[in-house]
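Have a look at the structure below before the remarks.
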Amino acid sequence: MITNELRNLLAKATTHAQRFQDGEDHTVAAALLTKSGKHVLGLNAHHFLGGPCGEVSALANHAASYPEDPIQAVVAVYGPTGQVIPPCGKCRQVLFDVDPSIRCIVRGSNGLEALTVEELLPFAFNWRDMEQEQRIYMWEGYEESIRSGEKQQTIRVDDPFHEGSAHIVFEKESGEVVTIPAQVTSVVSTQRSELSEKQARNDGFGSLTELQEALDTHFPGLAADDEVDLVEFKLHQ
């Protein structure tokens, strides 16, 4: 189920698609809804070398008409049948790059619904992440020992980090998210079997046996000769 605002957007796209589709090079129309309530239309332009989809054409028209009015939603309609079609993979990435929160009207099992681009494209390439500091996710049970300085290291498997600024993140069962600014001071790779008592204490454990038990909990199936990364850090004061 969608809102009346989105139904109006769909009606605009459908009218545009049925009016201008030619059954060959121009078959898909798209309509964008801006924050102020404006509608921006677009039409695909098929070519054997590739051509812009309806959504991309609408984005170009938006840039030429209301660039300061953020896009809230988008819908694409196939002219020959009038059916709503989801954005293709390329368009999903393009829309994601504009704003991951843009809602896309798609047809689900119970009819039309509006999902965000982020929901339509999980694990998307996000250029914004390239400018963010690395995030080290920790179990909330480690927060106290990290804050006290007892735990100054984390052991990771297939979770690469590098020296430099970071945020230690605790996603708690309560829903609260806590972040602590930190600095990764060292990253050293070794085999699990080569871990030492000193490294266990640096990780906040009383013995190597306790550390090994924790590794079995966090990484079931981790073998003795598997490689692990020792990530040392210090908190920013």
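The values are calculated or read from the model by the stated rules, or taken from the named source; none is laboratory data. Everything quoted here is computed from the prediction, not taken from an experiment. FYI the Cβ positions are ideal-geometry reconstructions off the backbone, even for glycines, and counts take in every protein chain you see.
A search for C-beta distances below 7 Å between a residue of the range 74-88 that is outside the structural domain of His26 (by TED's automatic domain parsing) and free of Cβ contacts under 8 Å to residues at least 24 places away in the same chain and any residue that is surrounded by fewer than 16 Cβ atoms within 10 Å (Cβ to Cβ) and of a type in the set (A, V, I, L, M, F, W, C), counting only pairs 6+ apart in sequence or on different chains, returns nothing. Just so you know, in the range 196-217 the residues that are in contact (Cβ under 8 Å) with a residue 24 or more places away in the chain and outside any loop (DSSP other than H, G, I, E, B) include one that is nearest to Glu150 (Cα to Cα), and it is Asn202.
Determine, yes or no, whether Arg156 is in the same structural domain as Pro181 (by TED's automatic domain parsing), among the basic types (Lys, Arg) and surrounded by fewer than 15 Cβ atoms within 10 Å (Cβ to Cβ). Spelling it out, it is not the case that Arg156 is in the same structural domain as Pro181 (by TED's automatic domain parsing), among the basic types (Lys, Arg) and surrounded by fewer than 15 Cβ atoms within 10 Å (Cβ to Cβ). Restricted to helices (runs of 4 or more DSSP H) entirely inside the range 4-101, those with at least 2 residues that are charged (D, E, K, R), out of contact with any Cys (no Cβ under 6 Å at 6 or more places or on another chain) and within 22 Å of Arg128 (Cα to Cα) are 89-98. Name the single residue, out of those in the range 9-59 being free of Cβ contacts under 8 Å to residues at least 24 places away in the same chain and closer than 14 Å to Ala73 by Cα, that is surrounded by the most Cβ atoms within 10 Å (Cβ to Cβ). Residue satisfying both the conditions and the ranking: Gly42.
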